[in-house]
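Inspection log for the structure reproduced underneath, given as structure tokens.
Quick note: the coordinates plus some simple rules give every number you see, no bench work behind them. Note that the structure is predicted; figures quoted are calculated from it, not measured. Cβ atoms come from the backbone with ideal geometry, glycine included; neighbour counts cover every protein chain shown.
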Amino acid sequence: MRLAVAVLAGGVLLAPGGAEARPLRVLSLDQCADQYALALAPDADLALSPRADDPDAWMRDAAVGRRRVRPTLEAAIAFQPDVVVRYWGGEPRLLARLEADGVRVLTIEDATDFDGVRADIRTVSKGLGATKRGEALIARMNATLPARPIGEAAAKPRALYLTAGGFTAGKGTLIDAILSAAGFANAAEAPYFAPVSIERMVMFPPARFVLGFFDQTRSDWRGAGRHPALRRLMRGRVAAKLPSAALTCPGWFAADAAATLKGGA
């Protein structure tokens, strides 16, 4: 794989010596990276992951008609990217080769709050030469986040996040930050992600549920979250059903999930 020798500027590669500029080549290694690449470098020559237009991809409409490649070493050698964007994607051989060739790899960190999302946007936008687009995306996220109430803070209603697969999310997760931004206290007892106990919820039902990934009817259709006992328990207790596309990645659209929850409360 050749090593690009150039300067990033506005989504194009400016070749030294006055040679003609060409679009920046950006390889995205997973669905989360697809969202960032599409939003921050729409004018680039993009090679997206096979899941770029799946129903749970926030930027799926923008991905229509774009090139898709499997995130493999062979695909990277053929595409010869200038920049690679990744969240979790990329086999060890590929990452080692990219590092050895000096290709710039931009990694989206696993943000657990909105400051972390802002940091991710700034990291990727700077690496793509798109700082203005990044700041505009952050401004859009800030404007979408529900406004904090003025005056004395009332007691927050408690809600339990539940996925169709039967998992919840406690402290130290972006889900917790979404709940807090929407004015809810997290009813999950343990930090991070953990499976729920159907028996315990039936005995001690939460006041409200916040459902995630229930819009994907083919996903976890036999998951614990769809258990008949829980379906009965949820009646009249669901604060909101959050769209899966807003939850699959630590991106700016987490603010849309918070706004949806706030609006449904």
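Observations on the structure shown:
- Selection count where residues are more than 14 Å from the chain's Cα centre (by Cα) and either part of a helix (DSSP H, G or I) or crowded, with 20+ Cβ neighbours inside 10 Å (or both), scope segment 227-265: 15
- Checking residue 200 against (1) surrounded by fewer than 16 Cβ atoms within 10 Å (Cβ to Cβ); (2) in contact with a helix residue (DSSP H, G or I) (Cβ under 9 Å, 6 or more places away or on another chain), the condition it does not meet: (2)
- Residue match in segment 140-161 (condition: of a type in the set (Lys, Arg), assigned to a helix (DSSP H, G or I) and either out of contact with any Cys (no Cβ under 6 Å at 6 or more places or on another chain) or in contact (Cβ under 8 Å) with a residue 60 or more places away in the chain (or both)): yes
- Residues satisfying the stated conditions in segment 82-102, i.e. part of a loop (DSSP other than H, G, I, E, B), touching a residue at least 60 places away in the same chain (Cβ under 8 Å) and closer than 17 Å to residue 49 by Cβ: 87, 89, 90
- Test: residue in segment 205-228 that is within 12 Å of residue 242 (Cβ to Cβ), of a type in the set (Ser, Thr, Tyr) and either without any contact (Cβ under 8 Å) to a residue 12 or more places away in the chain or in contact with a helix residue (DSSP H, G or I) (Cβ under 6 Å, 6 or more places away or on another chain) (or both): no
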